[in-house]
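Enquirer: Before anything else, here's the structure in question.
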Amino acid sequence: NSKLRHVEKDVLIPQIMRDRAKELCSDKVQAFTKCCQETGLLMVVKCRQENTALKDCLVGYYSDPSFYEECKAEYLKQREEYRATGIKKKRQKFTPNM
């Protein structure tokens with residue numbers, strides 16, 4: 001049964017998307033984090049370029065229909081395993097395909 005409830009479509013699958021996108025954009029996350037640590041209170045001004053690159057990367061994934069379908073398939077697989085075993089599986093860390 002692959003019907004999705006409201007909470008699955010609007011909360012659980014988007015959470016997988018956010019986690020995966022952060023991992024896939026990890027170089028930009030690191031660059032932004034490093035900039036913020038180095039500049040302190042001036043980060044809003046000085047880290048604008050790193051922030052824009054990070055946002056562009058994340059939004060690119062969030063707005064990609066095939067990325068949504070990939071995350072939905074992952075969620076359905078996890079749900080199926082949970083229903084079969086009753087054991088909630090910890091989310092795995094993703095590594096980008098290189």
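The values are calculated or read from the model by the stated rules, or taken from the named source; none is laboratory data. None of the values given here were measured: they were computed from a predicted structure. All Cβ positions, glycine included, derive from the backbone under ideal geometry; neighbour counts span all protein chains shown. Note: areas computed on protein heavy atoms with side chains; ligands, DNA, RNA excluded. Shrake-Rupley method; radii C 1.70, N 1.55, O 1.52, S 1.80 Å.
Enquirer: Taking into account only those residues within segment 62-79 that are more than 13 Å from the chain's Cα centre (by Cα) and among the basic types (Lys, Arg), which is most open to solvent (accessible area, probe 1.4 Å)?
Expert: Out of the qualifying residues, it is LYS77.
Enquirer: Ok, one more. Six or more apart or on different chains, Cβ under 6 Å: which pairs go from a residue in segment 14-39 that's without any contact (Cβ under 8 Å) to a residue 12 or more places away in the chain and over 12 Å from LEU54 (Cβ atoms) to one that's open to solvent by 50 Å² or more (accessible area, probe 1.4 Å) and in a helix (DSSP H, G or I)? Could you list them?
Expert: THR39/LYS46
Enquirer: Additional query: Can you name the helices (runs of 4 or more DSSP H) wholly within segment 2-61 that have at least 3 residues being surrounded by 12 or more Cβ atoms within 10 Å (Cβ to Cβ)?
Expert: Details: elements: 13-24, 26-39, 43-46.
Once the helices (runs of 4 or more DSSP H) in segment 2-61 are filtered for at least 3 residues that are surrounded by 12 or more Cβ atoms within 10 Å (Cβ to Cβ), what remains is 13-24, 26-39.
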